[in-house]
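The structure appears below as C-alpha coordinates.
The values are calculated or read from the model by the stated rules, or taken from the named source; none is laboratory data. Source: prediction; values computed, not measured. Counting neighbours? That spans all protein chains shown, and the Cβs are built from the backbone with ideal geometry, glycine included. Accessible surface areas use protein heavy atoms only, side chains included; no ligands, DNA or RNA. Shrake-Rupley method; radii C 1.70, N 1.55, O 1.52, S 1.80 Å.
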Amino acid sequence: MQARPTRSAQDAARRLHLVIPAEAGSVRRALQAAGDTVLLRGLSEDARGTAEIVIAEALNNIVEHAYAGGAGEIELSLRRGGDKLSVLITDRGQPMPGSSLPDGPLPQADAVNLPEGGFGWFLIRCLSQDLRYCRAKGRNHLFFRLDVTSDQKQSA
Amino acid sequence: MDLQTTLRDDMLIVSAMEDRIDAAIAIQFKDRMRALVQHPAPRVVLDLSRVRFLDSSGLGAVVAVMKLLGPARRLELACLTPTVQKVFRLTRMDSVFTIHAALPEGLRDAG
(Lines give C-alpha, C1' and ligand atoms only; values in the text may rest on other atoms or scores of the structure.)
Protein backbone atom coordinates (compact mmCIF):
# COMPACT_ATOMS: atom_id res chain seq x y z
CA MET A 1 0.00 0.00 0.00
CA GLN A 2 2.83 2.39 0.75
CA ALA A 3 4.43 3.72 -2.40
CA ARG A 4 7.62 4.52 -0.54
CA PRO A 5 8.12 2.25 2.47
CA THR A 6 9.56 4.05 5.46
CA ARG A 7 12.81 2.88 6.95
CA SER A 8 10.91 1.21 9.81
CA ALA A 9 8.61 -0.60 7.38
CA GLN A 10 11.62 -1.89 5.48
CA ASP A 11 13.15 -2.90 8.77
CA ALA A 12 9.97 -4.75 9.82
CA ALA A 13 10.14 -6.75 6.60
CA ARG A 14 13.66 -7.86 7.50
CA ARG A 15 13.83 -8.22 11.27
CA LEU A 16 11.79 -9.54 14.14
CA HIS A 17 12.65 -9.75 17.83
CA LEU A 18 10.41 -11.45 20.40
CA VAL A 19 10.84 -12.20 24.11
CA ILE A 20 8.72 -15.22 25.06
CA PRO A 21 7.94 -16.76 28.47
CA ALA A 22 9.22 -20.36 28.49
CA GLU A 23 5.83 -22.06 28.48
CA ALA A 24 4.03 -24.06 25.77
CA GLY A 25 1.01 -21.76 25.50
CA SER A 26 3.25 -18.70 25.19
CA VAL A 27 5.33 -20.43 22.51
CA ARG A 28 2.12 -21.14 20.61
CA ARG A 29 0.99 -17.50 20.81
CA ALA A 30 4.46 -16.24 19.83
CA LEU A 31 4.48 -18.48 16.74
CA GLN A 32 1.01 -17.29 15.78
CA ALA A 33 2.06 -13.65 16.30
CA ALA A 34 5.28 -14.16 14.33
CA GLY A 35 3.31 -15.76 11.49
CA ASP A 36 1.28 -12.55 11.23
CA THR A 37 4.26 -10.23 10.86
CA VAL A 38 5.35 -8.54 7.63
CA LEU A 39 8.57 -10.57 7.77
CA LEU A 40 6.94 -14.02 7.74
CA ARG A 41 4.00 -12.98 5.58
CA GLY A 42 6.56 -12.03 2.95
CA LEU A 43 7.71 -15.66 2.64
CA SER A 44 6.19 -18.34 0.43
CA GLU A 45 3.72 -20.65 2.17
CA ASP A 46 6.25 -23.46 1.99
CA ALA A 47 9.05 -21.38 3.53
CA ARG A 48 6.72 -20.06 6.22
CA GLY A 49 5.69 -23.62 7.11
CA THR A 50 9.32 -24.74 7.32
CA ALA A 51 10.24 -21.75 9.51
CA GLU A 52 7.32 -22.44 11.82
CA ILE A 53 8.29 -26.12 12.21
CA VAL A 54 11.97 -25.47 12.97
CA ILE A 55 11.37 -22.51 15.29
CA ALA A 56 8.59 -24.39 17.13
CA GLU A 57 10.85 -27.41 17.70
CA ALA A 58 13.72 -25.23 18.95
CA LEU A 59 11.44 -23.29 21.33
CA ASN A 60 9.71 -26.44 22.61
CA ASN A 61 13.09 -28.01 23.38
CA ILE A 62 14.04 -24.99 25.48
CA VAL A 63 10.73 -25.11 27.39
CA GLU A 64 10.96 -28.88 27.99
CA HIS A 65 14.70 -29.36 28.55
CA ALA A 66 16.67 -26.13 29.15
CA TYR A 67 14.08 -24.77 31.59
CA ALA A 68 12.55 -28.22 32.22
CA GLY A 69 9.12 -26.77 32.89
CA GLY A 70 10.47 -23.99 35.15
CA ALA A 71 10.01 -20.26 34.56
CA GLY A 72 12.27 -18.32 32.23
CA GLU A 73 12.50 -16.26 29.09
CA ILE A 74 13.44 -17.06 25.53
CA GLU A 75 14.62 -14.45 23.03
CA LEU A 76 13.91 -15.06 19.37
CA SER A 77 15.54 -12.94 16.66
CA LEU A 78 14.83 -13.37 12.96
CA ARG A 79 16.64 -11.58 10.17
CA ARG A 80 15.94 -11.84 6.46
CA GLY A 81 18.78 -11.39 4.03
CA GLY A 82 17.90 -12.29 0.44
CA ASP A 83 17.02 -15.98 0.23
CA LYS A 84 18.11 -16.72 3.80
CA LEU A 85 16.32 -16.30 7.09
CA SER A 86 18.77 -16.19 10.01
CA VAL A 87 17.39 -17.31 13.35
CA LEU A 88 19.02 -16.76 16.75
CA ILE A 89 17.36 -18.16 19.86
CA THR A 90 18.80 -17.56 23.33
CA ASP A 91 17.79 -18.63 26.84
CA ARG A 92 19.14 -18.78 30.38
CA GLY A 93 18.17 -22.41 31.03
CA GLN A 94 20.42 -25.42 31.55
CA PRO A 95 23.17 -25.92 28.94
CA MET A 96 22.94 -28.68 26.36
CA PRO A 97 24.30 -31.94 27.84
CA GLY A 98 27.93 -32.21 26.72
CA SER A 99 27.71 -28.65 25.38
CA SER A 100 26.73 -29.98 21.97
CA LEU A 101 23.56 -30.46 19.99
CA PRO A 102 21.88 -33.87 19.80
CA ASP A 103 22.51 -35.78 16.55
CA GLY A 104 18.79 -36.18 16.03
CA PRO A 105 18.63 -39.43 14.08
CA LEU A 106 15.25 -40.39 12.66
CA PRO A 107 13.52 -42.57 15.28
CA GLN A 108 13.02 -45.97 13.69
CA ALA A 109 9.53 -47.32 13.28
CA ASP A 110 8.66 -50.97 12.95
CA ALA A 111 5.44 -52.94 13.13
CA VAL A 112 5.41 -53.30 16.91
CA ASN A 113 7.40 -50.32 18.06
CA LEU A 114 6.27 -46.90 16.87
CA PRO A 115 8.20 -43.92 18.23
CA GLU A 116 6.16 -41.17 19.91
CA GLY A 117 9.05 -38.79 20.42
CA GLY A 118 12.57 -37.89 19.34
CA PHE A 119 11.45 -36.17 16.14
CA GLY A 120 12.31 -32.61 17.22
CA TRP A 121 16.05 -32.51 16.52
CA PHE A 122 15.58 -34.65 13.45
CA LEU A 123 13.23 -32.03 11.99
CA ILE A 124 15.52 -29.14 12.99
CA ARG A 125 18.54 -30.81 11.36
CA CYS A 126 16.52 -31.79 8.30
CA LEU A 127 15.20 -28.32 7.56
CA SER A 128 17.94 -25.93 8.72
CA GLN A 129 21.45 -25.00 7.60
CA ASP A 130 24.52 -23.68 9.46
CA LEU A 131 23.15 -25.00 12.74
CA ARG A 132 25.35 -23.88 15.64
CA TYR A 133 25.14 -23.90 19.42
CA CYS A 134 27.21 -22.25 22.08
CA ARG A 135 26.97 -21.45 25.76
CA ALA A 136 28.21 -17.95 26.62
CA LYS A 137 27.71 -15.72 29.64
CA GLY A 138 25.16 -18.06 31.18
CA ARG A 139 23.05 -18.21 28.02
CA ASN A 140 22.39 -20.87 25.42
CA HIS A 141 22.70 -19.52 21.87
CA LEU A 142 21.17 -21.54 19.06
CA PHE A 143 21.69 -20.24 15.54
CA PHE A 144 20.58 -21.54 12.16
CA ARG A 145 19.64 -20.38 8.70
CA LEU A 146 16.70 -21.36 6.55
CA ASP A 147 16.41 -21.20 2.77
CA VAL A 148 13.46 -18.98 2.00
CA THR A 149 11.72 -17.65 -1.06
CA SER A 150 9.31 -14.77 -1.28
CA ASP A 151 5.58 -15.11 -1.67
CA GLN A 152 5.40 -13.57 -5.14
CA LYS A 153 8.02 -13.17 -7.79
CA GLN A 154 8.64 -9.50 -8.61
CA SER A 155 7.41 -8.92 -12.14
CA ALA A 156 9.60 -5.88 -12.81
CA MET B 1 -9.44 -29.17 22.20
CA ASP B 2 -12.52 -29.39 20.05
CA LEU B 3 -12.99 -32.77 18.34
CA GLN B 4 -16.21 -33.56 16.49
CA THR B 5 -17.25 -37.08 15.63
CA THR B 6 -19.35 -38.47 12.81
CA LEU B 7 -20.34 -42.10 12.45
CA ARG B 8 -20.62 -43.41 8.93
CA ASP B 9 -21.15 -47.13 8.31
CA ASP B 10 -18.15 -48.85 9.92
CA MET B 11 -16.19 -45.64 10.24
CA LEU B 12 -15.76 -43.23 13.13
CA ILE B 13 -14.62 -39.89 11.75
CA VAL B 14 -13.00 -37.51 14.21
CA SER B 15 -12.59 -33.96 12.94
CA ALA B 16 -10.02 -31.81 14.74
CA MET B 17 -11.58 -28.35 14.91
CA GLU B 18 -8.34 -26.61 15.97
CA ASP B 19 -5.83 -25.04 13.61
CA ARG B 20 -2.88 -26.41 15.60
CA ILE B 21 -1.95 -29.67 17.31
CA ASP B 22 1.20 -28.62 19.16
CA ALA B 23 3.05 -29.01 22.45
CA ALA B 24 0.46 -26.81 24.20
CA ILE B 25 -2.40 -29.14 23.35
CA ALA B 26 -0.86 -32.56 22.57
CA ILE B 27 -1.72 -34.20 25.93
CA GLN B 28 -5.27 -32.88 25.83
CA PHE B 29 -5.65 -34.16 22.26
CA LYS B 30 -4.47 -37.63 23.30
CA ASP B 31 -6.79 -37.72 26.32
CA ARG B 32 -9.83 -36.64 24.30
CA MET B 33 -9.01 -39.17 21.58
CA ARG B 34 -8.59 -41.91 24.18
CA ALA B 35 -12.20 -41.33 25.24
CA LEU B 36 -13.55 -41.09 21.68
CA VAL B 37 -11.92 -44.27 20.38
CA GLN B 38 -13.71 -46.31 23.05
CA HIS B 39 -16.38 -46.44 20.35
CA PRO B 40 -16.07 -49.88 18.72
CA ALA B 41 -16.16 -48.68 15.09
CA PRO B 42 -13.74 -50.88 13.08
CA ARG B 43 -12.22 -47.87 11.33
CA VAL B 44 -11.16 -44.57 12.88
CA VAL B 45 -10.39 -41.67 10.53
CA LEU B 46 -8.83 -38.47 11.85
CA ASP B 47 -9.85 -35.50 9.71
CA LEU B 48 -6.99 -32.98 9.80
CA SER B 49 -8.39 -30.57 7.20
CA ARG B 50 -8.56 -27.67 9.68
CA VAL B 51 -5.15 -28.33 11.23
CA ARG B 52 -2.66 -25.96 9.66
CA PHE B 53 0.26 -26.80 11.95
CA LEU B 54 1.47 -29.88 13.81
CA ASP B 55 4.79 -30.09 15.69
CA SER B 56 6.70 -33.16 16.91
CA SER B 57 4.62 -33.25 20.10
CA GLY B 58 1.46 -33.30 18.00
CA LEU B 59 2.96 -36.01 15.80
CA GLY B 60 3.82 -38.05 18.90
CA ALA B 61 0.23 -37.68 20.12
CA VAL B 62 -1.16 -38.93 16.79
CA VAL B 63 1.19 -41.94 16.97
CA ALA B 64 0.05 -42.55 20.58
CA VAL B 65 -3.59 -42.56 19.44
CA MET B 66 -2.74 -45.16 16.80
CA LYS B 67 -1.34 -47.35 19.60
CA LEU B 68 -4.46 -46.79 21.72
CA LEU B 69 -6.50 -48.47 19.01
CA GLY B 70 -4.74 -51.77 19.67
CA PRO B 71 -3.69 -54.41 17.14
CA ALA B 72 -7.09 -54.90 15.47
CA ARG B 73 -7.67 -51.31 14.32
CA ARG B 74 -5.51 -48.75 12.58
CA LEU B 75 -5.76 -44.98 12.66
CA GLU B 76 -6.38 -43.46 9.25
CA LEU B 77 -5.68 -39.81 8.49
CA ALA B 78 -7.45 -37.55 6.02
CA CYS B 79 -6.96 -34.12 4.45
CA LEU B 80 -3.45 -33.18 5.53
CA THR B 81 -2.59 -29.51 4.95
CA PRO B 82 0.85 -28.71 3.43
CA THR B 83 2.85 -28.11 6.63
CA VAL B 84 1.29 -31.13 8.39
CA GLN B 85 2.03 -33.24 5.33
CA LYS B 86 5.65 -32.07 5.42
CA VAL B 87 6.08 -33.25 9.04
CA PHE B 88 4.63 -36.69 8.22
CA ARG B 89 6.75 -36.99 5.07
CA LEU B 90 10.08 -35.95 6.64
CA THR B 91 9.65 -38.29 9.62
CA ARG B 92 8.48 -41.12 7.28
CA MET B 93 5.34 -41.42 9.35
CA ASP B 94 3.43 -41.14 6.07
CA SER B 95 4.39 -44.80 5.54
CA VAL B 96 2.97 -45.84 8.92
CA PHE B 97 -0.50 -44.32 8.52
CA THR B 98 -3.09 -44.79 5.82
CA ILE B 99 -3.51 -41.25 4.52
CA HIS B 100 -6.50 -40.15 2.47
CA ALA B 101 -6.36 -37.01 0.34
CA ALA B 102 -10.04 -36.39 1.04
CA LEU B 103 -12.75 -37.77 3.26
CA PRO B 104 -14.70 -40.55 1.54
CA GLU B 105 -17.58 -39.34 -0.63
CA GLY B 106 -20.34 -37.55 1.22
CA LEU B 107 -18.70 -37.61 4.63
CA ARG B 108 -17.82 -33.96 4.71
CA ASP B 109 -21.49 -33.00 4.74
CA ALA B 110 -22.73 -35.90 6.82
CA GLY B 111 -22.13 -34.36 10.22
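Taking all C-alpha pairs of region B:2-82, those more than 16 Å from each other amount to 45 percent. Lys-Lys pairs in the protein assembly as shown that are eight or more residues apart or on separate chains and whose Cα atoms lie under 29 Å of each other come to 7. Packing around the peptides A:34-46, B:19-31, taken as the average count of other Cβ atoms within 10 Å per residue, puts them in this order, highest first: B:19-31, A:34-46.
Plainly put, the protein assembly as shown has a radius of gyration that is 1.00 times its Kirkwood radius, both from alpha-carbon atoms, as the Rg/Rh ratio.
Please give the average number of partner chain Cβ atoms lying within 10 Å of the Cβ of each residue in B:52-65, rounded to a whole number.
Details: counts 3, 8, 2, 14, 15, 9, 1, 6, 8, 1, 1, 7, 3, 1.
Across B:52-65, the average partner-chain Cβ count within 10 Å equals 6.
Per residue of the protein assembly as shown, the DSSP helices (runs of n ≥ 4 H) give a summed -39500 (n - 2.57) that works out to -9000 deg cm²/dmol at 222 nm.
Per residue of A:119-127, other chain Cβ atoms within 10 Å of the residue Cβ number 4 on average. Excluding ligands, DNA and RNA and using a 1.4 Å probe, chains B and A jointly bury around 2200 Å² of accessible surface, summed across both partners. Legend: mean number of C-beta atoms from other chains within 10 angstrom of residue C-beta atoms, peptide B:20-26, equals 6. What whole-number distance in Å separates the alpha-carbon centres of region B:76-94 and region A:67-111? Region B:76-94 and region A:67-111 have Cα centres separated by 22 Å. Amide H to amide H distances under 5 Å link A:E23 with no residue, where only residues 5 or more positions off or on other chains count and H is placed in the peptide plane.
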